[in-house]
Amino acid sequence: MLSEIAITGIRVFGRHGAYGGEKDRPQAFDVALKLHADLALASRSDQLADTIDYAEIHRRVVAIVEQRSFDLLERLGAEILDVAFEDERVRGAEVSIGKPERLSGATATITLRRSRGDQ
């Protein structure tokens, strides 16, 4: 049974950007992550160990954005996907990262998708 776990609305501050001054102070990033996994066992067992702990994934995503620094959102997104695929149950994942403060009145967003076979 292929299922989806979505973690949306992650607002975290980090120092990422290719333009002058973007890394001088933390700026907002909006992150959404979707994980596709076989969660059939969890649907029967009702045990946290049989599913993907989304609280732990959330904690790790926040840590990457806050503690690391990249020029490109694409590189930041690849790091987040690497964390997602550390769990062997994940068959596919998608991460979207928005930079709401960069463009006047608009949010630039990138989306990366990866399947287990793409690695």
The helix 73-84 Cα axis meets the longest alpha-carbon principal axis of the chain at an angle in degrees, between 0 and 90 and rounded to 10, of 20
Expressed as a whole-number percentage, the relative contact order of the range 2-46 with C-alpha contacts under 8 angstrom and at least six residues apart is 48
Ordering Phe70, Phe13 by the accessible surface of their heavy atoms, 1.4 Å probe, largest first, yields Phe13, Phe70
Taking Cα atoms, the helix 54-67 axis meets the longest principal axis of the chain at an angle in degrees (rounded to 10) of 20
Reported to the nearest 10 Å², Lys34 has, with a 1.4 Å probe, an accessible area equal to 70
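Explain nothing, just the number: relative contact order of the chain, from Cα pairs under 8 Å at least 6 residues apart, as a whole percent. Each step should come with its number before you reach the end.
On the way: 216 pairs, mean separation 33.0, N = 119.
Relative contact order here is 28 percent.
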Regression test value, accessible area per residue of the chain, probe 1.4 Å, units Å², expected 57
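If you average 1/r across every pair of different Cα atoms in the chain and take the reciprocal, what Kirkwood value do you get, in Å?
Working: mean 1/r = 0.0667 Å⁻¹.
Result for the chain, one decimal place: 15.0 Å.
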Counting only protein heavy atoms with a 1.4 Å probe and every protein chain in place, the carbon and sulfur fraction of the accessible surface of the chain in whole percent equals 48
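The values are calculated or read from the model by the stated rules, or taken from the named source; none is laboratory data. Since we're looking at a predicted model, the values are computed, not measured. When the accessible area is computed, the model is the full protein with side chains, heavy atoms only, and any ligands, DNA or RNA have been set aside. Shrake-Rupley method; radii C 1.70, N 1.55, O 1.52, S 1.80 Å.
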